[in-house]
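Values in this text are rule-based calculations from the coordinates and carry no lab data. In this text the structure is predicted, and so the values were computed from the model without any measurement. Ideal geometry is used to build each Cβ from the backbone, glycine not excepted, and the neighbour counts take in all protein chains shown.
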Amino acid sequence: MKLVYKRVVLKISGQRLAGDDGFGISTQAIQRTAQEIVEAREQGVEVGVVCGGGNIIRGISAEAEGLNRVAADSMGMLASVMNALALQDGLEKCGADTRVLSAVEIKQVAEPHIRRRAMRHIEKGRIVIFAAGTGNPFFTTDTGAALRAMEIGAGVLLKGTRVDGVYDSDPEKFPGAKRYDRITYREFLHRNLDVMDATAISLCQTHKLPIVVFDMTVPGNMLRVIQGETIGTAVGV
Ligand code: UDP
């Protein structure tokens, strides 16, 4: 099977791991996601995964409710560790060899993120789950994903969502919304599209890291993207 990318980083939002009520962790959603990742790994692609935490807490929303922003962001990063552990369990149930590397030290439950260690795991064929985003408040896991993708030399950043690409407005609110097959980083930023945060996009722009935004709820889509099928929206130069 021909693969367009040898190594990828997949960003999964917390929402993808939540149940139908949009909150918490659904073991069903975990298992479905894990299966998709393992299917791609079995075709030979090297995979790093970054988990979001928005299904448990988002710093910006918690701040709006009165919580100190730094405390809220720290909680968000820990939420992403919880998702990472759940996904690790799901991946292991599918027979995959995985490691969780956390940007916030939490040694009893995950290895610390050390780039060289991540590289060794990847070279050994393990699926590496990067937890706790960048390890800093005021960032998001999208930016963490862009950072890790660059650190490990991934050929693409895959953003698996519940929507089939980038639209010029929210397709769930505006039925006439137009989907892009391709969009430049510049236009993405100019239009202030909120599928991915601007810090992540501009980091990818500076380092010319391509992004593909695609619907992760459709079985087989991750593999299709890796095989070069035009699915979702490609963000690039
Ligand atoms: N977060 C942070 N620094 C990071 C990554 C995440 O402070 O480098 C916090 C932030 O509060 C964020 C929350 O963790 O809202 C959950 O991450 P994110 O919103 O990216 O999750 P997603 O929307 O992808 O589920």
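How high is the relative contact order of the stretch 1-132, given as a whole-number percent (alpha carbon pairs under 8 Å, six or more residues apart)?
26 percent
Looking at the square roots a ≥ b ≥ c of the eigenvalues of the Cα gyration tensor of the stretch 122-230, which shape do they give, rounded for a/c under 1.5, prolate if a/b is larger than b/c, or oblate?
Oblate.
Would you look at the GNM of the chain, springs on alpha carbons closer than 10 Å, and say which of GLU63, GLU46, GLU36 moves the most?
GLU63
Amide H neighbours of VAL50 under 5 Å, at least 5 residues apart or on other chains, H built in the peptide plane: list them.
LEU10, LYS11, ILE12, PHE130
Quick one: compute the contact order of the chain, relative version, from alpha carbon pairs under 8 angstrom and 6+ residues apart, as a percent.
22 percent
How large is Rg over Rh for the stretch 1-45, taking Rg from the Cα atoms and Rh as the Kirkwood inverse mean of 1/r across Cα pairs?
1.09
Looking only at VAL50, VAL218, VAL166, which one moves most when the chain is put into a Gaussian network model with springs between Cα atoms under 10 Å?
For the chain, modelled as a Gaussian network with Cα springs under 10 Å, the answer is VAL218.
Please state the shape class of the chain: rounded when a/c is under 1.5, otherwise prolate if a/b exceeds b/c and oblate if not, all from the C-alpha gyration tensor.
rounded
Between LEU157 and residues 5 or more places away or on another chain, which pairs have amide H atoms under 5 Å apart, with H built 1.01 Å from N, and which residues are they?
Distant-sequence amide H within range of LEU157: ILE211, VAL212.
Given the alpha-carbon gyration tensor of the stretch 1-86, what are the semi-axes of its equivalent ellipsoid in whole angstrom, ordered largest first, with each equal to the square root of 5 times an eigenvalue?
Calculated on Cα positions only, the semi-axes equal 29, 14, 9 Å.
Quickly rank 203-212, 52-61 as a protection proxy: mean count of other C-beta atoms within 10 Å, highest first.
So the peptides 203-212, 52-61, ranked by packing, come out 52-61, 203-212.
Which FRET efficiency, nearest 0.05, do GLU92 and THR206 yield, Cβ-Cβ r, R0 35 Å?
0.45
Among 23-32, 178-187, 140-149, what's the highest-first ranking by average C-beta atoms within 10 angstrom per residue?
Top to bottom by mean Cβ count within 10 Å: 140-149, 23-32, 178-187.
Ranked highest first by average number of other Cβ atoms within 10 Å, how do 99-106, 191-198, 168-175 line up?
Peptide ranking by packing, descending: 99-106, 191-198, 168-175.
Taking the stretch 144-208 on its own, what percent of its Cα-Cα pair distances exceed 16 Å?
Looking at the stretch 144-208, the distances longer than 16 Å represent 48 percent of pairs.
Over the stretch 68-180, one equal point on each Cα, no solvent: what is log10 I(q)/I(0) by the Debye formula at q = 0.19, 0.21, 0.24 Å⁻¹?
Evaluating at q = 0.19, 0.21, 0.24 Å⁻¹ gives log10 I(q)/I(0) of -1.04, -1.16, -1.33.
Please report, to one decimal in angstroms, the Kirkwood hydrodynamic radius of the stretch 91-139 built from all distinct Cα-Cα pairs.
11.3 Å
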